[in-house]
Each structure stands twice: as C-alpha cells, then as structure tokens.
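Enquirer: If you scroll down you'll find the structure; I have some questions about it.
The values are calculated or read from the model by the stated rules, or taken from the named source; none is laboratory data. On a predicted model such as this, the values are computed, not experimentally measured, just so you know. Backbone-built Cβ (ideal geometry, glycine too); neighbour counts: all protein chains shown.
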Amino acid sequence: MRTLVTILYWMLSVVIAALVVSSAGYDFPEAILMGTMFLPGALAAKYLFPKVSFKKRSEGILNVIYIVLAILVLEYLLIYATNIFIHNQRMGWSGNDYYRNHYNMPSPGIIVNPVFISILVSILAIGGSLIDRWLTVKHPEIETPVTFCSMRKKVTLLPSEIVYVESCDTEVIVHASDGRALHNRTPISQWEALLGPGFVRIHRAFLVNSRYAKPVSQDTVSVADTRLPVSRKYQSQIKDLIPNS
C-alpha cells in the first residue's frame, strides 16, 4: 500500500507541475514531459535535506546552500534539455518551412526562474514527506526498511526492529530488538528525521521507539529493560507520544 500511495502521489505531482508549466505555451503532453523534469529535484530535496546536520550550524547552513545550488543546476539542465527536445520534435513534425517560420515555440520563461523552481520543488518534496508521515501514523504496520552502514557492513532493519538510538560523541549506536548494538556515524538528528513520528526524542543523546518505551518517573523511561534519562526539555513532549507517561 505504501508503494502504491507513494507512486500515486508522485504521478499527481507530475500532473500538477504540468498544469503550471502548460501556462508557458506547452501542449499538455509536452507539459507532462516538462513537469516530470521537476521530480528529480523534488526527490533529491526530500531525501537530502533531512540528512543535513546542524550540530555545527555554519556547516549545516553551507550544506543546505550546496544542496539548493546542486538541485537548481540539475533542474536547469533538465529543463533546457527537455525544451530542446520538444523544439526538435516540433520541427520534425512540421514537415515544411512555413510551419517552422510561423509556429511560436514556447519559451521556458518563468519555468527557469530560480525562485519558481525552488518553490515548486519544495512543495513537491514537502508533500512527499507529509505523505510518508501520514502513512507511518495511520498505517504503522506498513514499514519501510532502513539501510545503513555499521562497521563497514551494510545493515537493513525495519523501524520496529530498532529499540533506541544512542548518540556517543562522533557516532551513534543503534540498539536493535535482537540485542545487537550497531555503530554508525549518522547524527542522531538525522536518525530522528529518518525514523519519523514513531520515535521520540527524550534526551539530546537518546531517540527511542515509543512502542518499547515505558515511563518510570518524570525523568526516566524504561526501554527494553534499559533505563534512560529524560531531559527537562523533552518531558512535556513524551506525555503525548508515550502511552501512560
């Protein structure tokens, strides 16, 4: 179901982008083709921005700028290449010089405006993220596996198999339900964005799976027989996310 809903969302996104693009003078099939060119940027934004860490604020801001610039360059290349393709197709269909001289070829115009590209790509990416969150909340039984590297080996786990994530200086430890402690260098803030609303941040160093968490006191939570501290900053948040807290 998750795959079907995701596919339907991105198909709808193409149609929406095509409707916007058609205002520049493209026929609907051409607009569909042009609208499809915004998907790579939207998908890149959806998956790359949550991975940006602001542990070092200046470094995080620079990474955001680099991603934005890379997406803009990618979109410019795709849009211009598609526009040239459409132009060549129209010239091939014309079959005579009169058509070539009198047919007005649509100009990308606003489509290549960086603000327009940024807004459209952002809307599509945010929509994709919201769909993922909705599926996670409404259909928790539908899980997307998480793949990461631990000790130079690729590991794949379902979110339900992750008990909690612990931040230890320059690395994190992913504690699995089978007892494994898997070391990884992805910052805990990125794990929080990756794993979604089923996981609760209880401390700057701990991110727990709410299905395994049981409150012990106002500042302590038991997670799979391990007691973890709850910092004051997160005490009010866990009451709504962890049952009986």
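Enquirer: Does residue 192 fit the bill of being outside the structural domain of residue 65 (by TED's automatic domain parsing) and in a helix (DSSP H, G or I)?
Expert: Numbers: outside the structural domain of residue 65 (by TED's automatic domain parsing): yes; in a helix (DSSP H, G or I): yes.
For residue 192, the condition - outside the structural domain of residue 65 (by TED's automatic domain parsing) and in a helix (DSSP H, G or I) - is met.
Enquirer: Another question, if that's okay. Please go through segment 45-66 and give me each residue that is more than 15 Å from residue 116 (Cβ to Cβ), touching a residue at least 40 places away in the same chain (Cβ under 8 Å) and not β-branched (Val, Ile, Thr), ordered by number. So that I can check it myself, show each step before the final result.
Expert: Just the residues of segment 45-66 that are more than 15 Å from residue 116 (Cβ to Cβ), to begin with: 46-66.
The next check asks that each one be touching a residue at least 40 places away in the same chain (Cβ under 8 Å); those that pass are 46, 49-55.
Across segment 45-66, the qualifying residues are 46, 49, 50, 51, 53, 54, 55.
Enquirer: Still on this structure, I have one more. For segment 174-191, give me each residue that is buried (at least 16 other Cβ atoms within 10 Å of the Cβ), closer than 22 Å to residue 49 by Cα and not polar (S, T, N, Q).
Expert: 174, 187, 188, 191
Enquirer: Only one residue in 201, 133 is touching a residue at least 12 places away in the same chain (Cβ under 8 Å) and assigned by TED's automatic domain parsing to the domain that holds residue 13, so which one is that? Even if it seems obvious, please write down each step before you answer.
Expert: Values: 201 fails: assigned by TED's automatic domain parsing to the domain that holds residue 13.
Selected residue: 133, the only one of 201, 133 that is touching a residue at least 12 places away in the same chain (Cβ under 8 Å) and assigned by TED's automatic domain parsing to the domain that holds residue 13.
Enquirer: Hey, another quick one. For residue 5, indicate whether it is surrounded by 17 or more Cβ atoms within 10 Å (Cβ to Cβ) and among the β-branched types (Val, Ile, Thr). Spell out the reasoning first.
Expert: Working: surrounded by 17 or more Cβ atoms within 10 Å (Cβ to Cβ): no; among the β-branched types (Val, Ile, Thr): yes.
Against the criterion (surrounded by 17 or more Cβ atoms within 10 Å (Cβ to Cβ) and among the β-branched types (Val, Ile, Thr)), residue 5 does not qualify.
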